[in-house]
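Below: the structure, in structure tokens.
The values are calculated or read from the model by the stated rules, or taken from the named source; none is laboratory data. Everything numeric in this text was worked out from a predicted model, so none of it was measured. All Cβ positions, glycine included, derive from the backbone under ideal geometry; neighbour counts span all protein chains shown. Each accessible area value is taken on the protein alone, full model and side chains, heavy atoms only, with ligands, DNA and RNA left out. Shrake-Rupley method; radii C 1.70, N 1.55, O 1.52, S 1.80 Å.
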Amino acid sequence: QVQLVESGGGLVQAGGSLRLSCAASGNIFSINVMRWYRQAPGNQRELVASIIRGGSTNYADSVKGRFTISRDNAKNAVYLQMNSLKNEDTAVYYCNAAVLANMHKGFRLLEVWGQGTLVTVSS
């Protein structure tokens, strides 16, 4: 099995910063793409940022210039540095990864989600 565990959420004032972390563990052979999603109350889950193993990144228009995604392949970890936070960034943030897992009967590609971490931005 493979698990993702997020940390770093919390309460922050508008204009402030937070750094989210997500670490993968388990029978991991390699991880291709890692992503951060978020879901605000009453809204659908949306993709915030993604990063592939080689380091190329993509961002939602709403966070470009404010958020930075990065990863540490040696630690199977991904991070989201969030600056200039706005009220509308309030949401539960989820880590997601496409993991090539080393299973008993061979390799298997898994899509894995973390449990989510709450980010609340106050005025």
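Would you confirm whether any residue within region 24-35 is more than 25 Å from Leu109 (Cα to Cα) and either open to solvent by less than 40 Å² (accessible area, probe 1.4 Å) or not basic (Lys, Arg) (or both)? No: zero hits.
Each residue in region 99-114 was checked for being small (Gly, Ala, Ser) and more than 12 Å from the chain's Cα centre (by Cα), and 2 pass. Counting only residues that are out of contact with any helix residue (DSSP H, G or I) (no Cβ under 7 Å at 6 or more places or on another chain), in contact (Cβ under 8 Å) with a residue 24 or more places away in the chain and within 25 Å of Val2 (Cα to Cα), region 73-123 holds 30 of them.
As an exercise: evaluate Leu11 against (1) in contact (Cβ under 8 Å) with a residue 12 or more places away in the chain; (2) in a strand (DSSP E or B); (3) surrounded by 13 or more Cβ atoms within 10 Å (Cβ to Cβ) and give the number of the one condition it does not meet. Among (1) in contact (Cβ under 8 Å) with a residue 12 or more places away in the chain; (2) in a strand (DSSP E or B); (3) surrounded by 13 or more Cβ atoms within 10 Å (Cβ to Cβ), the lone unmet condition for Leu11 is (3). Report yes if Ile69 is open to solvent by less than 40 Å² (accessible area, probe 1.4 Å) and β-branched (Val, Ile, Thr), otherwise no. For Ile69, the condition - open to solvent by less than 40 Å² (accessible area, probe 1.4 Å) and β-branched (Val, Ile, Thr) - is met. The set of residues from region 80-89 being open to solvent by 40 Å² or more (accessible area, probe 1.4 Å) and either over 11 Å from Leu20 (Cβ atoms) or among the hydroxyl-bearing types (Ser, Thr, Tyr) (or both) comprises Asn83, Ser84, Lys86, Asn87, Glu88.
Put simply, of Ala101, Ala97, Ala74 the only residue that is closer than 23 Å to Asn27 by Cβ, of a type in the set (Gly, Ala, Ser) and open to solvent by 40 Å² or more (accessible area, probe 1.4 Å) is Ala74.
Residue count for region 104-123 under the criterion of being farther than 22 Å from Ala23 by Cβ, of a type outside the set (Ser, Thr, Tyr) and surrounded by 13 or more Cβ atoms within 10 Å (Cβ to Cβ): the result is 1. Restricting attention to region 36-63, report how many residues are of a type in the set (D, E, K, R), open to solvent by 60 Å² or more (accessible area, probe 1.4 Å) and under 15 Å from the mean Cα position of the chain (by Cα). Residues in region 36-63 being of a type in the set (D, E, K, R), open to solvent by 60 Å² or more (accessible area, probe 1.4 Å) and under 15 Å from the mean Cα position of the chain (by Cα): 3 in total.
Looking at Ser70, Ser56, Ser21, just one residue is touching a Phe, Trp or Tyr at 6+ places or on another chain (Cβ under 7 Å), without any contact (Cβ under 8 Å) to a residue 24 or more places away in the chain and of a type in the set (Gly, Ala, Ser), and that residue is Ser70.
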